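Have a look at the structure below before the remarks.
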Amino acid sequence: MATLILGAGIYVTTDMEVDVFPDLNAPTVVVLTEAHGMAPEEVERLVTFPIETAVNGATNIRRVRSSSAMGFSIVWVEFDWDMDIYDARQIVSEKLANIADAMPAGVGSPTLAPQSSIMGEIMMIALTADETSAMDLRTLADWNIRPRLLSVGGVAQVAIIGGDLKEFQILADPLKLKFYDVSFHELIAACQASNENVSGGFLNEHGQEYLIRGLARTNILEDIGNTLIKMQDGHPIKVNDVATVKIGTAPKIGDGSYRGEKAVILTVTKQPNINTLDLTEKIITSLDDLKETLPGDVKIHTDIFEQAKFIQTSVNNVQKALIEGGLFVVIILFVFLMNYRTTIISVLAIPLSLLVAVLVMKWLGISINTMTLGGMTIAIGSLVDDAIIDVENVYKRLRENSRLPNTEKRPHFNVIYEASVEIRASILNATLIIIIAFVPLFFLSGMEGRMLKPLGIAYIVSLFASLFVAVTVIPVLSSFLLTNEKRLQRQAKGSRVERFLQNYYTKTLSQAIRYRKAVISISGVLFVLSILLVTSFGRSFLPPFNEGSLTINTTTMPGINLEESNKLGVEAEQALLSIPEITSVARRTGRAEMAEHAFGVNVSEIDAPYQLDDRSRVDFLSEVREKLNRIEGITVEVGQPISHRIDAMLSGSKTNIAIKLFGTDLNSMFRLANQIKETIQDVKGIGDLSVEQQIEIPQLQIKPNREMLARYGISVNEFLEFVEYAFGGEKISDVFVNEKAFNLILRFDDKSRDNIEAIRNALIDTPDGQKVPLYYVADIESTFGPNTIGRENVMRKIVVAVNVADRDVRSVVNDIQKEINENIQLPENYHLEYGGQFESEADASRTLMIASLGALLIIFILLYVEFKNTKLAMIILINLPLALIGGVIAIWMTSGVISIPSIIGFITLFGIATRNGILLISRYQSLSDQVVSLKKRIVHGSADRLNPILMTALTAALALIPLALAGEKPGNEIQSPMAIVILGGLLSSTLLNIYVVPIIYYLFQKKQEAK
């Protein structure tokens, strides 16, 4: 059976999906709507609000957020955590179908973004070239690389930004239109009909069927220019008489850069439940194949961001800690037992238990990730505990049996059986208590539940498996490997370590019982001090990750043009590249078409992978912030790819703390937000502080003078069509070059639309053939309007974004709230909400506290059932405060911050520590009929259990040393605080347990005997 489990486990392990974290994605449906040419306030009123209203009534919706920008609307519909994402998408699709017809003319249909996850962005690729033009480079990305990557199974989306987007342009000259007496509407009609194919049906002749086609579609500029508009006095007026036909660049809404040079950036997003490592390998293979088809000067760079490398590094680090912890276990066992056979028997519990856990995870659909590996690593020391207790007792009884006269010796089988049965109840109850102590983890909800439950499953399943191995496999192996009489007699008195420890312990325990008041007083003082220490600790949700890459947002004032924003972006890139640890940088300014971001051209997102060698991460980040803050005109937010996205999922802002101000008037909101920023800027621990740039930017508003329009006979519809086509440009057809499709755009030429005066004097047609300047029939004024409008749950909002540095998040939040409450007075209908990881920390801490009280009650009941005595159960639970002492001191000596992993460490610790008390009390009770003297019984029973107690405690504790010491390495960040707490707590609880519990038992029994 064990061999079968080994074989199946090894086979399944090689086929398991590997990821950095479990699926952390909140079920979120993203609705994207292009609203060509609309100002943000129009997008909000005509597009975003109807979509929000439609989806808000759907089932199980947690939050609806939106952003309305120039010509674009994004709505994030966030559902409850237990909602199936495909059901959520279906619900949103049905709601959108009801409002599709209500969308204004010219607005695209609301579209659901491809389904992905918080870990979905798996790779960034940069294209650069020495000679190939920016337009050709973008065309290669759009039509060669993107389709190839999308054809790879598991890729959800490839977003492209940067380069010059190619389009065919018809640029009309208003003066030539007047000269040739051609109306703009005539030009539009001619251009729309210039590039189409039609069907002429079929022709049957000579027994063959011919398809009749009229082919007017062309990609030759001369052909488009030769399109007839009309005949004038017997002369043809063609398109190229009144317009320039050329290949040009579409107006940019974003740009890309690699190491400060122009580049095209591709962001690859994977579908949910896809193996990132396998998918990345396929993508790299596809890119290698593509390189052979690209021009020689085009280079593909994949050193910006590759999630697979982080996954591999993280998993390798946890695996290394797992292996090193296992080696510590082997060393401890051999030192104590001085017998390689007992060591082998005990250690065999580790692979068997871990492989059973892998099989169960495969059955439950859980991947191998840092959380599941972390659960196994934390459990590794405990996995051999049951086996140690069993094999140590069996070996001890076999040695005792070997010292007996031959006439009194019992069969080895009977000795092994009785020795196993002797401690079976203690093993069973102790393991059940550890598992029950871990159960509160499964009461966590939201992201913390998604992240930590797999760790709990791996831990509990491993322990169950170790219990099964201890009561089945260990006795069988003992009967094969430990029954040689010569060896038993040679080691009848035990190992030197065992004898030395027992002799020393018996003496010190007798002294401790003698000075019992001092021992109890010292323990009590230590406990009180540890409680006082806890009150001084900071609090955070998760420890900071070390992802090996930075995601930096730089923001300048809205209204800046892309060219100027690019200059500031390049300056930021150069500043970053001057830092030795940073290996590369790539920048995305603005947004890509139909991307799930609503950034304006004033916002840049910079990805900067780094490699730390000679200095700490704190010093490195300090230099990053210092160099970026020297650049005038930008605000900076420094984060990391995954941490960034976790923050965005929790609060809607990609920072640790989001102070969300809700109100009605954007100007008032922006003013209040800046007051809040000024009020809190001196709070200790704030690393980055910025106000979301929702402010008014310059607009040129062209308002029809309806009276003048009527006088000239121009309808409002004709007026709006003129403004849209002449200045914004409209797509009138597609031009196909082989399989590539490019937009054919019609608008006025640049000199007729590149300044306010030219727009004022643009000539608009009247029905009687005249052309009048636009300012005759319209009021044209330069004014201001919002650049973007953010909303949450159908209310306008603006965010004051805060990143924390060198301090715990909870303390920073408390200070921020205090400063705001004392100094900020909000008007009526305005209110503040605070979002971020600290909310999850507060909810999770409360849940764990309540669930742990329930677990503690169940543990007490189990102890009572075993010992049938309330006071004995209470004596065993004394281990909990004893364990708390070491755990608190360990936190004080390291981070000084209690996080959710630290709390889980305490929960785990309480379960493990209780085992030692059970072993002692059960032995005292079993000796009550054999040893009359109370003190002798306690000393003898304690010495009898010293070896298994020390071995189980040391293996459980020392197995965690690699994890505790490597807390800053990728993958270990969450498990390390748990390991530190368990390590410190086990050392204190074991040291105090072997003295305090015997003393308390002595006092209790002495009082009982006195009665």
How much of the accessible area of segment 684-729, in percent, comes from carbon and sulfur atoms when a 1.4 Å probe is used?
49 percent
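Only helices at least 24 Å long along their own axis, judged from Cα atoms, and with Kyte-Doolittle mean hydropathy of 1.0 or greater: name those in the chain from DSSP H.
Going by DSSP H runs, the hits are 307-337, 412-438, 446-481, 516-536, 837-867.
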Leaving out ligands and nucleic acids, and using a 1.4 Å probe, what accessible area per residue does segment 239-294 come to in Å²?
44 Å²
Among segment 682-709, those whose backbone N falls under 20 Å of a label point 7 Å along Cα→Cβ from N629 are 682-693
With runs of 4+ DSSP H residues as the only contributors, calculate the mean residue ellipticity of the chain at 222 nm using -39,500 (n - 2.57) per run, divided by the residue total and rounded to the nearest 500.
-17000 deg cm²/dmol
Q825 to D779: extension gain in nm, 0.36 nm per residue of separation minus the Cα-Cα distance?
12.6 nm
At 0.36 nm per residue, minus the direct Cα-Cα distance, what do V497 and K176 gain on full extension? Give it in nm, one decimal, please.
105.2 nm
Once each part is reduced to its C-alpha centroid, what is the distance from segment 548-568 to segment 882-957 in angstrom?
57 Å
Low-density loop cleavage sites - GluC sites (Glu not before Pro) in segment 291-353, where at most 13 other Cβ are within 10 Å (DSSP):
E292
Leaving out ligands and nucleic acids, and using a 1.4 Å probe, what accessible area per residue does segment 326-398 come to in Å²?
26 Å²
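So how much slack lies between H235 and F480, counting 0.36 nm per residue of separation and subtracting their Cα-Cα distance, in nm?
Length gained between H235 and F480: 77.2 nm.
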L228 and E833 label points (each 7 Å along its Cα→Cβ direction) are spaced in nm at 6.4 nm
From the Cα centre of segment 261-333 to that of segment 817-842, the distance in Å is 40 Å
To the nearest 20 debye, what is the magnitude of the charge dipole of the chain about its Cα centre, counting +1 on the Cβ of each Lys and Arg and -1 on the Cβ of each Asp and Glu?
7200 debye
Over the Cα atoms of segment 250-316, what Rg and Dmax result, in angstrom?
14.5, 46
Can you tell me the equivalent ellipsoid semi-axes for segment 214-265? Use √(5λ) from the Cα gyration tensor, largest first, whole Å.
38, 13, 8
For the pair E724 and R217, what calculated FRET efficiency results from E = 1/(1 + (r/R0)^6), where r is the Cβ-Cβ distance and R0 = 35 Å, to the nearest 0.05?
0.90
What part of the accessible area of segment 915-982, given as a whole %, is carbon or sulfur when the probe is 1.4 angstrom?
58 percent
Charges on Cβ only, +1 for Lys and Arg, -1 for Asp and Glu, centred on the Cα centroid of the chain; of V356, A572, N401, which one is farthest towards the dipole's positive end?
N401
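Of the trypsin sites (Lys or Arg not before Pro) in segment 853-931, which ones lie in a loop per DSSP and count no more than 16 other C-beta atoms within 10 Å?
Here the trypsin sites (Lys or Arg not before Pro) that fit, given the DSSP loop and packing criteria, are K868.
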With labels modelled as points extended 7 Å from the Cα through the Cβ direction, what inter-label distance (nm, one decimal) is found for N755 paired with I331?
7.9 nm
Heavy atoms of the protein only, probe of 1.4 Å, neighbouring chains included. What is the accessible area of M38 in Å², nearest 10?
30 Å²
What does the charge count near L661 come to, summing +1 for each Lys or Arg and -1 for each Asp or Glu among other residues with Cβ under 13 Å from its Cβ?
+2
Taking 56 Å as R0, compute the FRET efficiency from the Cβ-Cβ separation of L857 and D278 and round it to 0.05.
0.75
Please give the FRET efficiency for D297 paired with Q319, using the beta carbon to beta carbon distance and R0 = 41 Å, rounded to the nearest 0.05.
0.50
Ignoring ligands, DNA and RNA, how do K818, K166 rank by accessible area with a 1.4 Å probe, largest first?
K818, K166
Quick one: net charge of D688's neighbours, Cβ under 10 Å, K/R +1, D/E -1?
0
Find out how many positive minus negative residues lie around R760, taking Lys and Arg as positive, Asp and Glu as negative, among other residues whose Cβ is under 15 Å from that of R760.
0
Expressed as a whole number of Å, what is the distance separating the alpha-carbon centroids of segment 181-228 and segment 668-723?
44 Å
Heavy atoms of E792: accessible area, 1.4 Å probe, square angstrom to 10
10 Å²
Binned at 10 Å starting from 0, the alpha-carbon pair-distance distribution of the chain in whole percents comes out as 2, 9, 16, 19, 16, 12, 9, 7, 4, 3, 2, 1, 0, 0
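Tell me which GluC sites (Glu not before Pro) from segment 336-422 have a DSSP coil assignment and no more than 12 other beta carbons within 10 Å of their own.
Answer in residue order: E408.
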In nm, to one decimal, how far is the modelled label at N56 from the one at T472, with both set 7 Å along Cα→Cβ?
5.8 nm
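The values are calculated or read from the model by the stated rules, or taken from the named source; none is laboratory data. These numbers were taken from a predicted model, which means no experiment stands behind them. In this analysis, Cβ positions are derived from the backbone assuming ideal geometry, glycine residues included, and neighbour counts consider all displayed protein chains. Please note that ligands, DNA and RNA were not included when accessible areas were found on the heavy atoms of the full protein model with its side chains. Shrake-Rupley method; radii C 1.70, N 1.55, O 1.52, S 1.80 Å.
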